[in-house]
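Undergrad: Following this message is one structure expressed as structure tokens.
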Amino acid sequence: MLAYSAAVPDPIFSDRRLAEIYDPMDPDRSDLDAYAAMVDEFGAGSVLDVGCGTGTFACLLAARGVEVIGVDPAGASLDVARTKPGADLVRWIDGDATTLPSLQVDLATMTANVAQVFVTDESWAATLQGIRAALKPQGRVVFEVRDPARRAWQEWDREHTHETKDVPGVGPVETWCDLTDVSGQLVSFRWTNIFHADGATIISDSTLRFRTRQEIEQSLRDNGFTVDVVRDAPDRPRRELVFVATRES
Ligand SMILES: C[S@@+](CC[C@H](N)C(=O)[O-])C[C@H]1O[C@@H](n2cnc3c(N)ncnc32)[C@H](O)[C@@H]1O
């Protein structure tokens, strides 16, 4: 087992006020359709959703009769998740893939680019090992990352991201992103969030890692998986790499 200390999640997920606006600021979750289709395709009766955040995917699956475990280190996001319809059908775990109880699931998922939050090789390997341990033999993991060749961060600026939305129960919220650093595969950026109802400004700094397809395939093999296929995300063609891998027995 690698020595790895779980990272503290970014404020955008762990600050209460920011977690509460995560869904209303970005309500289009058609990205989850491809994952729901894979749950059906692989006949998965049990799913571990790693980095489940505010629980949209976990609750969607639970409503379909799938046994779901959602794990995330951001307590504020889990608090939002627990308020959703069907949340009582999900087993929520405050932690990460390295702190799981004994599980035997058919499928593990990481939706919405969770795999990019693991900026060190150690944290990524520990996450894959934790997922592997939670899977049944021949269980699968599916996840996406942004294709680094598309250099998505070139649009992480005010011109492309600035918006104001009227969030029910909260009032107008103004947000924008600034790119703060690009160092090799590490891309850092800052979200500024202004709550106009009381004037509060909450800043969230994040760093994501843009690994190549080859590096991710190698990391899966190094941690006990066979790479079945790398797909396109149907809702974001040629922008994402969607990995499907099977646990080697
Ligand atoms: C972009 S959000 C995606 C949330 C959710 N999967 C979705 O589709 O909305 C990234 C999530 O990764 C979580 N995260 C951060 N560090 C993590 C870690 N070490 N292990 C698991 N999840 C982590 C964050 O708290 C956040 O909820």
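Undergrad: Please list the non-local residues whose amide H lies under 5 Å from the amide H of Asp49, H modeled 1.01 Å from N, same-chain partners needing a gap of 5 or more.
TA: Ile69, Gly70, Val71, Thr109
Undergrad: Something else about it: Select from the chain the helices, each a whole stretch of DSSP H, whose alpha-carbon atoms run 15 Å or more along the helix axis and whose Kyte-Doolittle mean is at least -0.5; answer none if there are none.
TA: Both cut-offs are met by 121-134.
Undergrad: Still on this structure, please answer the following. From the backbone phi of the range 137-154, what are the Karplus-calculated ³J(HN,Hα) couplings (6.51 cos²θ - 1.76 cosθ + 1.60, θ = phi - 60°) in whole Hz, Gly and Pro given as x?
TA: So the J values, rounded to whole Hz, are x, 6, x, 10, 10, 10, 7, 10, 9, 6, 5, x, 5, 7, 6, 4, 5, 5.
Undergrad: Per residue, how large is the accessible surface of the range 1-129? Use a 1.4 angstrom probe and give square angstrom.
TA: Spelled out: the 1.4 Å probe surface of the range 1-129, per residue, equals 42 Å².
Undergrad: If only Cα atoms are counted, what is the Rg of the range 1-139, and what is its Dmax, in Å?
TA: 14.2, 40
Undergrad: To the nearest 20 debye, what charge dipole does the chain have about its Cα centre, counting +1 at the Cβ of each Lys and Arg and -1 at the Cβ of each Asp and Glu?
TA: Using Cβ point charges on Lys, Arg, Asp and Glu, the chain gives about 500 debye.
Undergrad: Please give, to one decimal in nm, the separation of the simple spin-label points placed at Arg150 and Glu122, each 7 Å out from Cα toward the Cβ.
TA: Inter-label distance under the simple model: 3.2 nm.
Undergrad: Could you work out the relative contact order of the range 150-208? I mean the mean sequence separation of Cα pairs under 8 Å and 6+ apart, divided by the number of residues, in percent.
TA: Relative contact order comes out at 26 percent.
Undergrad: Quick one: what are the phi-derived ³J(HN,Hα) couplings along the range 83-93, Karplus 6.51/-1.76/1.60 with θ = phi - 60°, whole Hz, x for glycine and proline?
TA: Karplus values, whole Hz, x for Gly and Pro: 8, 7, x, x, 4, 5, 8, 9, 8, 9, 10.
Undergrad: Give me the accessible area per residue for the range 150-208, probe 1.4 Å, as a whole number in Å².
TA: Accessible area per residue, the range 150-208: 56 Å².
Undergrad: While we're on this one: Using just the alpha carbons, could you tell me how many Å³ per residue the convex hull of the chain encloses?
TA: 120 Å³
Undergrad: At 1.4 Å probe size, with the rest of the protein present, what percent of the exposed accessible area of the chain is carbon and sulfur atoms?
TA: 49 percent
Undergrad: Would you kindly compute the Cα radius of gyration of the range 150-208 and its largest Cα-Cα separation (Dmax), both in Å?
TA: Values for the range 150-208 (Cα only, Rg and Dmax): 13.0, 41 Å.
Undergrad: Also, I was wondering about something else. For a quick check of your reading of the filter: which trypsin sites (Lys or Arg not before Pro) in the range 170-240 sit in a DSSP loop and have no more than 11 other Cβ atoms within 10 Å?
TA: Answer in residue order: Arg238.
Undergrad: So what's the back-of-envelope 222 nm ellipticity for the chain, counting only DSSP H runs of four-plus at -39500 (n - 2.57) apiece and dividing by all residues, rounded to 500?
TA: Calculated mean residue ellipticity at 222 nm is -7500 deg cm²/dmol.
Undergrad: Using amide H atoms built in the peptide plane, which far-off residues or other-chain residues are under 5 Å from Glu248 H to H?
TA: Placed amide hydrogens put Phe225, Thr226 under 5 Å from Glu248.
The values are calculated or read from the model by the stated rules, or taken from the named source; none is laboratory data. Nothing here was measured: the structure is a model prediction, and the numbers come from that model. Backbone-built Cβ (ideal geometry, glycine too); neighbour counts: all protein chains shown. The area values use the complete protein model at the heavy-atom level, side chains included, leaving out ligands, DNA and RNA. Shrake-Rupley method; radii C 1.70, N 1.55, O 1.52, S 1.80 Å.
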